[in-house]
4 protein chains.
Amino acid sequence: MEQKNTLKNAPKDILIITTGGTIEKTYDEFDGSLENRGTSIKNRILSKLRLPYTNIIVHPVLSKDSLYMDDADRKLIAETIAADLELNAPIVILHGTDTMALTANYCFEHIQNITVPVVFTGAMVPMGFDDTDATQNVTEALLSAKLLPPGIYISFHNQIFKVPHVQKNKEKRTFEEI
Amino acid sequence: MEQKNTLKNAPKDILIITTGGTIEKTYDEFDGSLENRGTSIKNRILSKLRLPYTNIIVHPVLSKDSLYMDDADRKLIAETIAADLELNAPIVILHGTDTMALTANYCFEHIQNITVPVVFTGAMVPMGFDDTDATQNVTEALLSAKLLPPGIYISFHNQIFKVPHVQKNKEKRTFEEI
Amino acid sequence: MEQKNTLKNAPKDILIITTGGTIEKTYDEFDGSLENRGTSIKNRILSKLRLPYTNIIVHPVLSKDSLYMDDADRKLIAETIAADLELNAPIVILHGTDTMALTANYCFEHIQNITVPVVFTGAMVPMGFDDTDATQNVTEALLSAKLLPPGIYISFHNQIFKVPHVQKNKEKRTFEEI
Amino acid sequence: MEQKNTLKNAPKDILIITTGGTIEKTYDEFDGSLENRGTSIKNRILSKLRLPYTNIIVHPVLSKDSLYMDDADRKLIAETIAADLELNAPIVILHGTDTMALTANYCFEHIQNITVPVVFTGAMVPMGFDDTDATQNVTEALLSAKLLPPGIYISFHNQIFKVPHVQKNKEKRTFEEI
């Protein structure tokens, strides 16, 4: 009985693959630059969320503005996801918004047999700003990764988009279904 | 084509029924009290989220610490939910944590034919505190209300619990499956 | 030359005596109470300020809502200040607003030979709330403690009041000169 | 009697001259740039402070990274200050840190007969970031402008520096006495 309860409420793994993007840009006081410099999602977002039933594994792969990603980067991301499928845990991917749909489409076309939910997200404003949407988007992506069936998605601004039917709407500063 | 896109990306309604609870307690500078005094979810949480595809309707019903709710309050909440089912929109209910499971069970037993997702949530720390879990819980409840099938749930700390298989764990300051 | 620069820019001590009050009330998730439970000024305020030239010494004396302070408490506070004068460092005192003027007057009447600035402050809203005035008031008190001549003051809402010519204005939620 | 109290507690003017600098850089979601684009001190800082006895007048003059300021800019700033002296109100100047000491020295040398406190401040991290020092520095500058005798100062990180005996210490991310 006790054991059964323990199993029922045991934390489940979620893998977060970080690739950079606006969401992870940080400010350098010394030179005044706002750039990608590795991941700080643990300190800036995860430490402020309450996740008693979730065991987060952070897997940093790239730290790039997505405008500067090329096909080699996309291949690396897709291969990382494909390799991580064997963990049998939902996957959240932090990615710049400018080419997020492009990378998600690349993964959709190149990864065989998606066996877990793979949820891309990012932000219009870097984490660490008062009015960032990073915390909202990560919170939503982590929950959607638990609730969605296997497949590739973009989660953004309280909306789930099924890849490849999604694009960024730069004027509206969000994503939209196509 | 343009019209089709508009329909695809049209905002969808979510109804938020507020009943009080820790999540909605506010501080009064004049007398130093921390109490339920109507709803402030619009100013304190919704205004800080980006919800381009979500049209929130706030329906205040009660403003009570859930320790002081009785069966008449639960009857009122259940009847409100039952009446609001005709809107055919997902429903989120803000409620104190101490008797949230009791009220959710009451609704599970008394509402016939639940045709939308009905998601209870609340918080351990009132909105407006630095370390509140209110924003996280509301963000998650709004998304789960879009993704879950019809039924009654408690959404809390990145976990979805199916009513009636859920209770508060006071020592762990969260909910758990039973 | 190097040594001279070091001396010029050496950190100077400021003593913070804590007595409780709204400014230091904290929320207990377990029972929902908002009460004085020791000092948390280091974690909640000082850790967020940049004080390269200031060495803060925190001296907790009481942890009480000032409505419940009596003359024995005021005697203790005055004796603590009198004893701490020998450190020859400016003194900031965190205190509830309801009887802050009373305690400050008591100190004004009972402490002989005030040789440093003694600055009382507090807050209308506890530290840890989004809209607290605690950070502003502590920031101002720390600076005024460096700039004012020896004497007893209340520093509140960007205004310095000379004791005993000051009282709380409960309706305006601030202090005023009398 | 009533009139006397009103006069005692009447708000006093402080003039804030804005020139740009890191403190006022804002993030543009559309192109991802962090730049000076006019002043936002009212919304981002002043609206969050409690200033019942202070009447702030914001006077925008420039909106430049101080690395790009030249002598024409410094002449404009000094002439603005000189002209504003007739208001007989303390003056706070928001300025980039990289050449703040240079501009302050320029004013020290070119403005005759400084009849009010003139306090320069800025920030290492723009307002709007979680860990900005802008709110602290503005809070301190506003108070020091009330307490200091006429003269030119830099107020930064809870320390007051008398111009021209001050310089930026880039490695320590603050100012220091020279």
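The values are calculated or read from the model by the stated rules, or taken from the named source; none is laboratory data. Bear in mind the structure is a predicted one, so any value in this text is a computation, not a measurement. Counting neighbours? That spans all protein chains shown, and the Cβs are built from the backbone with ideal geometry, glycine included. Protein only, heavy atoms only, side chains kept; ligands, DNA and RNA dropped before computing areas. Shrake-Rupley method; radii C 1.70, N 1.55, O 1.52, S 1.80 Å.
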Between C:Glu86, C:Glu171, C:Glu176, which is more than 9 Å from every other protein chain (Cβ to nearest Cβ), open to solvent by 10 Å² or more (accessible area, probe 1.4 Å) and more than 16 Å from C:Ser66 (Cβ to Cβ)?
C:Glu86
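Output yes when any residue across segment D:7-17 is surrounded by 22 or more Cβ atoms within 10 Å (Cβ to Cβ), under 20 Å from A:Leu34 (Cβ atoms) and either touching a helix residue (DSSP H, G or I) at 6+ places or on another chain (Cβ under 9 Å) or among the small types (Gly, Ala, Ser) (or both), and no when none is.
The initial filter retains those residues of segment D:7-17 that are surrounded by 22 or more Cβ atoms within 10 Å (Cβ to Cβ), namely D:14-17.
So of that shortlist, the ones also under 20 Å from A:Leu34 (Cβ atoms) come out as none.
No - not one qualifying residue is present in segment D:7-17.
Quick check, is A:Lys75 away from chain B (no Cβ under 14 Å) and touching a helix residue (DSSP H, G or I) at 6+ places or on another chain (Cβ under 7 Å)? Show your work before the answer.
Details: away from chain B (no Cβ under 14 Å): yes; touching a helix residue (DSSP H, G or I) at 6+ places or on another chain (Cβ under 7 Å): no.
No, not satisfied.
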Subset of segment C:53-71, residues open to solvent by 40 Å² or more (accessible area, probe 1.4 Å), over 16 Å from the mean Cα position of the chain (by Cα) and of a type outside the set (Asp, Glu), comes to C:Leu67, C:Tyr68
Can A:Gly21 be described as small (Gly, Ala, Ser), modelled with pLDDT of 95 or more and closer than 17 Å to A:Ala141 by Cβ?
yes
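Any idea which residue in segment A:122-153 is nearest to A:Thr97 (Cα to Cα), counting only those that are among the hydrophobic types (A, V, I, L, M, F, W, C) and open to solvent by 10 Å² or more (accessible area, probe 1.4 Å)? Lay out the reasoning, then the answer.
Going residue by residue through segment A:122-153, those that are among the hydrophobic types (A, V, I, L, M, F, W, C) are A:123-125, A:127, A:129, A:134, A:138, A:141-143, A:145, A:147-148, A:152.
Next, from what is left, pick out any that are open to solvent by 10 Å² or more (accessible area, probe 1.4 Å): A:129, A:147-148.
Numbers: A:Phe129: 17, A:Leu147: 23, A:Leu148: 21 Å.
Among them, the one singled out is A:Phe129.
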Being within 10 Å of another protein chain (Cβ to nearest Cβ) and of a type in the set (A, V, I, L, M) is the filter here; which residues of segment A:21-42 pass it?
A:Leu34
Per the filter on segment A:154-167, residues out of contact with any helix residue (DSSP H, G or I) (no Cβ under 6 Å at 6 or more places or on another chain), outside any loop (DSSP other than H, G, I, E, B), open to solvent by 10 Å² or more (accessible area, probe 1.4 Å) and more than 7 Å from every other protein chain (Cβ to nearest Cβ) are A:Lys162
Among the numbered conditions (1) open to solvent by less than 40 Å² (accessible area, probe 1.4 Å); (2) at pLDDT below 95; (3) within 14 Å of chain B (Cβ to nearest Cβ), tell me where A:Ile45 comes up short.
(2)
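Looking at segment B:25-41, which of its residues are more than 19 Å from C:Thr174 (Cα to Cα) and either part of a helix (DSSP H, G or I) or out of contact with any Pro (no Cβ under 8 Å at 6 or more places or on another chain) (or both)? Explain how you work it out, then say what you get.
As a first pass, look at segment B:25-41 and keep what is more than 19 Å from C:Thr174 (Cα to Cα): B:25-26, B:34-41.
Within segment B:25-41, B:Glu35, B:Asn36, B:Arg37, B:Ser40, B:Ile41 qualify.
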So which pairs qualify, if the first residue must be in segment D:160-178 and over 16 Å from A:Asp31 (Cβ atoms), the second must be at pLDDT below 95 and buried (at least 18 other Cβ atoms within 10 Å of the Cβ), the Cβ gap must be under 7 Å, and the two must be at least 6 apart or on different chains?
D:Glu176/C:Asn9; D:Glu177/C:Asn9
Modelled with pLDDT of 95 or more and closer than 16 Å to B:Thr135 by Cα, is that true of A:Asn169?
no
Residues that are more than 7 Å from every other protein chain (Cβ to nearest Cβ), assigned to a helix (DSSP H, G or I) and at pLDDT 95 or above: does segment B:127-135 have at least one?
yes
Within segment C:79-87, is even one residue outside any helix (DSSP H, G or I) and under 16 Å from the mean Cα position of the chain (by Cα)?
no
Residues of segment D:42-63 satisfying the condition of being in contact with a Leu (Cβ under 9 Å, 6 or more places away or on another chain) and part of a loop (DSSP other than H, G, I, E, B):
D:Leu49, D:Leu51
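Among the candidates B:Ala123, B:Ala141, single out the residue that is part of a loop (DSSP other than H, G, I, E, B), facing chain A (nearest Cβ under 10 Å) and modelled with pLDDT of 95 or more. Can you show your working first?
Values: B:Ala141 fails: part of a loop (DSSP other than H, G, I, E, B).
Of the residues listed, the single one that is part of a loop (DSSP other than H, G, I, E, B), facing chain A (nearest Cβ under 10 Å) and modelled with pLDDT of 95 or more is B:Ala123.
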